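Down below is the structure, laid out as structure tokens.
Each value in this text was obtained by applying a stated rule to the coordinates, not by laboratory testing. All values derive from a computational prediction rather than experimental measurement. Cβ placement follows ideal geometry from the backbone for every residue including glycine, while neighbour counts extend to all protein chains displayed.
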Amino acid sequence: MDFELNEDQEALAEGVAALCAGRFDIETVRAMATDGLDRRRWTELAETGVFSLTRPESDGGLGMGWADAVVVLEQLGRALVPGPLVATTLVAALIGSGGDDGSEIAEGAAQGTMVVGTQERSPGRCYVEFLPWIDALVISDDEGLWCVDAASLSTAGAAPAAHPLDPLTPVTAVAELPQGRRIADADTAAQWRQCGALLTAALQLGLAAGATDLAVEYAKQREQFGRPIGAFQAVKHRCADMITRVEVLRAAVYAAGTTLDGNGVDDPAHSVAVAKVLASSAAAACGKDSVQVHGGMGYTWEVDAHLYLKRAWVNDHTFGDGDHYAEQLAAGLIGRYQ
Amino acid sequence: MDLCYTEAEEAFRDELRAWLNSVLGDIGPTPADHTDLEARRAYDTSWQRILYDAGYAGIHWPAEFGGRGSTPTEHLIFLEETERAGAPYVGVNFVGQLHAGPTLIAEATPIQQSAHLAPILSGDHVWCQGFSEPGSGSDLASLTTRAFDDGDHYVVTGQKIWTSFAQVADYCELLVRTDPDAPKHRGITWLIMPMDLPGIEIRPIVTALGAGEFAEMFLDEVRIPKVNRVGDHNDGWRVTMVTFAFERGTAFISEIIASQRLLADLAGVARKVTRGSARASDDAEIRRELGRLEAELDALWSLTKRNVSQAQRTGMVGPGGSVFKLAYADARKRMSQLAERILGRAGLAIGDTLDLSELDHVGERIYTLTLTIAAGTSEIQRNIVGERLLGLPKDR
């Protein structure tokens, strides 16, 4: 057993962090709220291997594991990189190049030429994320995965919400999801949901860590009563609670990634549920605490704290929320006594 | 990242399991009367002797000092398997095994080591800890128990508190003030105090749980030979801190496994308890809190493996131990609240929940109060995390 990052994973994390620092600085990221997704920079993510990382080598990908993917997604979350990172990674990872309907999309996703969103099928009106930014939408349900051309949805009278909860997650109300064309079977759809929950939890980990970094830096610099506010225990202890949530969540996310790769001792479904439950509470709690540590400035558009919090809120409702997975874990516990 | 165990680690686990299976049948239950400390000493030390005879004593001690010299991962497996098998706890051997012994290994003279280490491993010597004082809790270095220089002896007068098992201990690791004029960390000396010396008076402290393993210790001109000093005169604070380098992230492994068992039992209780026509397990709030706690304990088990892996690579854990303790104490307190809600009026007595549960959720609810206090309060842990991990400025 060695549950530390290996050298490759450390290099991966550093590489993605450096890419984010250079190409996804916060001004660039914020500009996408009005200008839309920066396709050139999205392609740079692809060129770094972000979307082909977990694509099998036989399909031209890098053939790396989910444990590697969570390390990457954590860094992207930390930098608030917007866009359908999880869906685009999933389509490249789970849809092969073997001539079926989705292969072109998967190929494009891996190379960064196709931006792919996702949505769990539900009846009636629903919000679809990133519709103006994406080329294709993958709808998942119990029967499989279904693909819809994004343009066809956009022209069907759907208009993006003027004020999405997260300014960097545009949402569009769609009257009814079309059936779409089937690109994968029910088993792949189940895998889609499980891996999607894991990668979303990894993004949430990055958001929690980023919100914590932001608060800690501010607490070191901001002075009141003649000293940095981080010297006061009321503030210091809040920061300690933030990093505690981050570290517990990190252990859960890394464990789930490792387990999905077959290098664990737990059941994959269980470990993913654990990660998503903790991600759901930790990311939002760290976002809120980051706002609080910033005081009045934390409630302004200018300070990034609200961006971490709002993204955390959105991600909680992607690939199953905390309550859903808590119910799943409880059912396992209670079921032992039935 | 790899959570799988190596072949050698699995072989160690198999061998240990087989051995536990062969010996545990002959071990009786822990003495029912928690206030009978002599009985507890006899029970705990006889288990220590069994470990010793089988070569499992001092699992984490270096082989040259009689230990098994196991890796941190083997130590984790040992603690996991002994807890899962329901083996006795370290109990009265705690201070000797986990604190005084490692300190002696790091700092004592060969003569002191040969006198004390083997009897700690075999369960012949029980140690207690004379660190805290009524006026020195979180601020331990402010301790005032005074040691005067008298030729080849120190003459010690003062008062110690929270000295668990002092009544049945043979030796005490004692911190004394040898220079009241020096800065507080530089006037402390570390002594081995035999508990049969004249001038030692022990009074039991009854805890909120009604148990009596705590004691306070009054020292009145106790003459301790200078050959019992470990480290230099006035260098006791450093000697004390050295022990923390032995921490390998394994401190709460038994607790985590035991907590998972408690939670599973609580889920069983939730299925039995009915309110009106519904079972407690039909209540979504209760179910989700069960699920969240399951997630937290599972993540804390993963965090333990991270801390142990870090220790395996670097030899240290660092503030990861404080992070763990904060999160663990929080999870356990919430589990206590949940147990209270589920049990309702069946939780009005310690040790008997009207046949609803196998385990003592009521006693645990009281015990859980210690988790944010003992071994560094959560307030102190948050200072450590804030200052050492996050680099926030001190408030002094």
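Below are the figures for this structure:
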read-out: Alpha-carbon Rg with Dmax, taken over the protein assembly as shown, Å; value: 28.8, 97
read-out: Residues B:Phe78, B:Phe218, B:Phe12 arranged by fewest to most Cβ contacts within 10 Å; value: B:Phe218, B:Phe12, B:Phe78
read-out: Normalised convex hull volume, the stretch A:188-335, alpha-carbon set, Å³ per residue; value: 114
read-out: Of the GluC sites (Glu not before Pro) in the stretch A:213-265, those whose Cβ has at most 10 other Cβ within 10 Å and which sit in DSSP loop; value: none
read-out: Kirkwood hydrodynamic radius over Cα pairs of the stretch B:247-389, then Stokes diffusion coefficient at 25 °C and 0.890 mPa s, in µm²/s; value: 152
read-out: Burial ordering of B:Asp152, B:Asp179, fewest other beta-carbon atoms within 10 Å first; value: B:Asp152, B:Asp179
read-out: Sum of -39500 (n - 2.57) over DSSP H runs of 4+, divided by residues of chain B (222 nm, nearest 500); value: -13500 deg cm²/dmol
read-out: Phi-based couplings in Hz for the stretch B:344-355 (Karplus 6.51, -1.76, 1.60; Gly and Pro marked x); value: x, 6, 6, x, 8, 9, 6, x, 8, 9, 6, 6
read-out: For q = 0.13 Å⁻¹, Debye-computed log10 I/I(0) when each Cα of the stretch A:125-277 counts as one equal scatterer; value: -0.82
read-out: Cα centroid separation, the stretch A:305-333 to the stretch B:274-300 (Å); value: 17
read-out: Using alpha-carbon coordinates, inclination of helix B:284-314 to the longest axis of chain B, degrees; value: 40
read-out: Leading residue at positive end of dipole, the stretch A:282-329 (Cβ point charges), from A:Thr318, A:Ser290, A:Gln328; value: A:Ser290
read-out: Radius of gyration, Dmax [chain A; alpha carbons; angstrom]; value: 19.7, 68
read-out: For A:Gly96, residues with placed amide H under 5 Å, excluding near neighbours; value: none
read-out: Helix runs (DSSP H) in chain A reaching 30 Å along axis by Cα, Kyte-Doolittle at least -0.5; value: A:186-221, A:233-260, A:268-293
read-out: For the stretch B:230-275: Kirkwood Rh in Å [reciprocal of mean 1/r, alpha carbons]; value: 14.3
read-out: The stretch A:120-191: relative contact order in percent, alpha carbon pairs under 8 Å with at least 6 residues between; value: 43
read-out: In Hz, Karplus ³J(HN,Hα) per residue of the stretch B:227-244 (6.51, -1.76, 1.60; θ = phi - 60°; x = Gly, Pro); value: 5, 8, 6, 10, x, 7, 4, 6, 10, x, 5, 5, 4, 5, 5, 4, 4, 5
read-out: Relative packing of A:125-137, A:83-95, B:133-145, B:376-388, which averages over residues the other C-beta atoms within 10 Å, highest first; value: A:83-95, A:125-137, B:376-388, B:133-145
read-out: Rounded D (µm²/s) - the stretch B:154-200, Kirkwood Rh over Cα pairs, Stokes-Einstein at 10 °C, 1.306 mPa s; value: 133
read-out: Per-bin percent of Cα-Cα distances, the stretch B:82-133 [10 Å]; value: 24, 47, 23, 6
read-out: Distance histogram for the stretch B:257-314 (every C-alpha pair counted, 5 angstrom bins, percent rounded to whole numbers); value: 5, 17, 21, 17, 12, 10, 7, 5, 4, 2, 1, 0
read-out: Contact order relative to length of the stretch B:2-119, as percent, for alpha carbon pairs under 8 angstrom and 6 or more apart; value: 24
read-out: Evaluated at q = 0.08, 0.10 Å⁻¹: base-10 log I(q)/I(0), Debye formula over Cα of chain B; value: -0.47, -0.73
read-out: Other protein chain Cβ atoms within 10 Å, averaged over every residue that makes up B:308-315; value: 2
read-out: Where labels lie 7 Å past Cα in the beta-carbon direction, separation of B:Arg345 and A:Thr300 in nm; value: 5.8
read-out: Cα gyration tensor shape of the stretch A:77-164, rounded if a/c is under 1.5, else prolate or oblate by comparing a/b with b/c; value: oblate
read-out: Gap separating the Cα centres of the stretch B:1-80 and the stretch A:201-266, nearest whole Å; value: 35
read-out: Lysine pairs in chain B with Cα atoms under 30 Å, if 8 or more residues apart or on separate chains; value: 14
read-out: Cross-link reach list, lysines versus A:Lys310, counting only Cα pairs under 19 Å and skipping chain neighbours closer than eight places; value: A:Lys276, A:Lys288
read-out: Sum of -39500 (n - 2.57) over DSSP H runs of 4+, divided by residues of chain A (222 nm, nearest 500); value: -18500 deg cm²/dmol
read-out: Nearest-0.05 FRET efficiency for A:Thr28 and B:Val242, computed from C-beta distance (R0 60 Å); value: 0.75
read-out: Residues A:Tyr325, B:Tyr56, sorted so that the one with the fewest Cβ neighbours within 10 Å comes first; value: B:Tyr56, A:Tyr325
read-out: Helix B:253-272 axis, angle to chain B major axis (alpha carbon atoms, nearest 10°); value: 30
read-out: Cα-derived Rg to Rh of the stretch A:165-225, Kirkwood definition; value: 1.23
read-out: Stokes-Einstein diffusion coefficient of the stretch B:7-122, Kirkwood radius over Cα pairs, 4 °C, 1.567 mPa s, in µm²/s; value: 87
read-out: 5 angstrom amide H check on A:Cys147, placed H, neighbours 5+ away; value: A:Ile139, A:Arg181, A:Arg182, A:Ile183
read-out: Distant-in-sequence amide H partners of B:Ala215 (H built 1.01 Å from N, under 5 Å); value: B:Trp162, B:Thr163, B:Ser164, B:Phe165, B:Ala166, B:Ile205
read-out: Average partner coverage of A:225-234, which counts Cβ from other chains inside 10 Å; value: 3
read-out: Rounded Å value of the spacing that divides the Cα centres of the stretch B:170-191 and the stretch B:127-143; value: 10
